[in-house]
1. Which of the numbered conditions does residue 91 fail, given that it passes all the others? Conditions: (1) of a type in the set (Asp, Glu); (2) outside any loop (DSSP other than H, G, I, E, B); (3) farther than 17 Å from residue 187 by Cα.
2. If we scan segment 135-155, do we find a residue that is at pLDDT below 95 and hydroxyl-bearing (Ser, Thr, Tyr)?
3. So which residues in segment 1-60 are closer than 26 Å to residue 86 by Cα, surrounded by fewer than 17 Cβ atoms within 10 Å (Cβ to Cβ) and among the hydroxyl-bearing types (Ser, Thr, Tyr)?
4. Here is a check on your reading of the model: is residue 39 within 19 Å of the chain's Cα centre (by Cα), farther than 25 Å from residue 194 by Cβ and not small (Gly, Ala, Ser)?
5. Name every residue in segment 78-93 that is crowded, with 20+ Cβ neighbours inside 10 Å and either at positive phi or among the hydroxyl-bearing types (Ser, Thr, Tyr) (or both), in order of residue number.
6. Scanning segment 191-207 for residues that are assigned to a loop (DSSP other than H, G, I, E, B) and either among the small types (Gly, Ala, Ser) or within 17 Å of the chain's Cα centre (by Cα) (or both), which turns out surrounded by the fewest Cβ atoms within 10 Å (Cβ to Cβ)?
7. Got at least one residue in segment 182-193 being under 23 Å from residue 43 (Cα atoms) and of a type outside the set (Phe, Trp, Tyr)?
Amino acid sequence: MAREGYPFIVFTAFATLIFALLEYEVIAAILLFLTGFIVYFFRDPARIIPDAEDGVVSPADGKVILVEKIFDDRFVHEHVYKVSIFMSIFDVHVNRLPFAGEVEKIQYVSGSFYAANTDQGGLANEHCAVILSTAKDFRYAVVQVAGLVARRIVCWAEKGDKIERGSRFGLIRFGSRVDIYLPQQMQLEVRSGQRVRAGETVIGYIP
């Protein structure tokens, strides 16, 4: 389980105990359910990283809601594939690095709180971009985007870190999305509407 969930679990479990001792059974039952859900939400299961060295893995669990070719003028400043993955509250929210690389820059922007699965949310919401260079001579960005409810992005990566593919680099609390900006010369393997798993689903191959 992700350590960021501990304060929430301790608080709700303690509140459950207090209301149970006071014999407020309905409230205690609701709080017990809430405690169980928080434990479930902050789960952090082990993942088997694919062997393919050129494979780019998904940074998040969830549903692909957008695949498009764009010129990215915010993060890597080149023509890219943009792949957006929406995480519901039932998905694992621990994010993993799609491809091994060195962190060039962490770019955090506080913003609005539109629904994460909308174009407006992707552009205007609070977000944290991790921009990396790789041994394959390409750069890419993976961007954690806060949602309508989520107001706390957690990024464990720091500038200068060398991070392996599939390694955990952060999470977003309570609903959100992750965007990834990849070079257009890669072979893309995902489509809009597809379900993916962080660290396991190969979303493309670098030539």
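1. Condition (2) is where residue 91 drops out.
2. No, segment 135-155 has no match at all.
3. 6, 40
4. So residue 39 fits the description; yes.
5. Matches in segment 78-93: 81, 84.
6. Selected residue: 193.
7. No, segment 182-193 contains no residue that is under 23 Å from residue 43 (Cα atoms) and of a type outside the set (Phe, Trp, Tyr).
For every residue, the table says whether it meets (1) more than 13 Å from residue 67 (Cα to Cα); (2) at pLDDT 95 or above; (3) of a type in the set (Lys, Arg).
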{"site": "157", "(1), (2), (3)": "yes, no, no"}
{"site": "171", "(1), (2), (3)": "yes, no, no"}
{"site": "174", "(1), (2), (3)": "yes, no, no"}
{"site": "185", "(1), (2), (3)": "yes, no, no"}
{"site": "189", "(1), (2), (3)": "no, no, no"}
{"site": "194", "(1), (2), (3)": "no, yes, no"}
{"site": "202", "(1), (2), (3)": "yes, yes, no"}
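The values are calculated or read from the model by the stated rules, or taken from the named source; none is laboratory data. Not measured: the values here are computed from a predicted model. Reconstructed Cβ throughout: ideal geometry from the backbone, glycine too, with neighbour counts over all protein chains shown.
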